[in-house]
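Only one structure is covered here, and it is reproduced in the block below.
The values are calculated or read from the model by the stated rules, or taken from the named source; none is laboratory data. Everything numeric in this text was worked out from a predicted model, so none of it was measured. All Cβ positions, glycine included, derive from the backbone under ideal geometry; neighbour counts span all protein chains shown. Side chains included, ligands, DNA and RNA excluded: accessible areas come from the protein's heavy atoms. Shrake-Rupley method; radii C 1.70, N 1.55, O 1.52, S 1.80 Å.
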Amino acid sequence: MVKNFVRTCDVCHREVPFEAYRQRSAGPDGMDVLLVLLENQGNLDFELSETPDGSIAFDTCLNCYTRMPFNHSYALN
């Protein structure tokens, strides 16, 4: 999420330095979407953005990016 020109992680809510920024997209019914929604239950300012193909885009730090589940097709490639 970008707020006041500061990018923060959608999962841990810390400021993300440029070198640690990773963007991730997932299907609307994916486990990673549920994880992010649970982490942001009480945050009224939180928004998810949907891409034209129907997937959800996340802004994450490198640490949270590596903890998120991957689809099997990503792991095989």
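Quick rundown of the values:
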{"quantity": "Enumeration of residues in region 42-53 that are open to solvent by less than 90 Å² (accessible area, probe 1.4 Å) and farther than 16 Å from T8 by Cα", "calculated": "G42, T51"}
{"quantity": "Tally, over region 1-18, of residues that are open to solvent by 90 Å² or more (accessible area, probe 1.4 Å) and touching a residue at least 40 places away in the same chain (Cβ under 8 Å)", "calculated": "2"}
{"quantity": "Counted residues, region 26-41 - those being surrounded by fewer than 16 Cβ atoms within 10 Å (Cβ to Cβ) and touching a strand residue (DSSP E or B) at 6+ places or on another chain (Cβ under 8 Å)", "calculated": "2"}
{"quantity": "Enumeration of residues in region 25-71 that are farther than 19 Å from K3 by Cβ and among the charged types (D, E, K, R)", "calculated": "D29, D32, D53, R67"}
{"quantity": "Some residue of region 68-75 being hydroxyl-bearing (S, T, Y), at pLDDT below 75 and open to solvent by 50 Å² or more (accessible area, probe 1.4 Å)", "calculated": "yes"}
{"quantity": "Members of region 7-57 that are assigned to a loop (DSSP other than H, G, I, E, B), more than 12 Å from M68 (Cα to Cα) and among the small types (G, A, S)", "calculated": "G27, G42, G54, S55"}
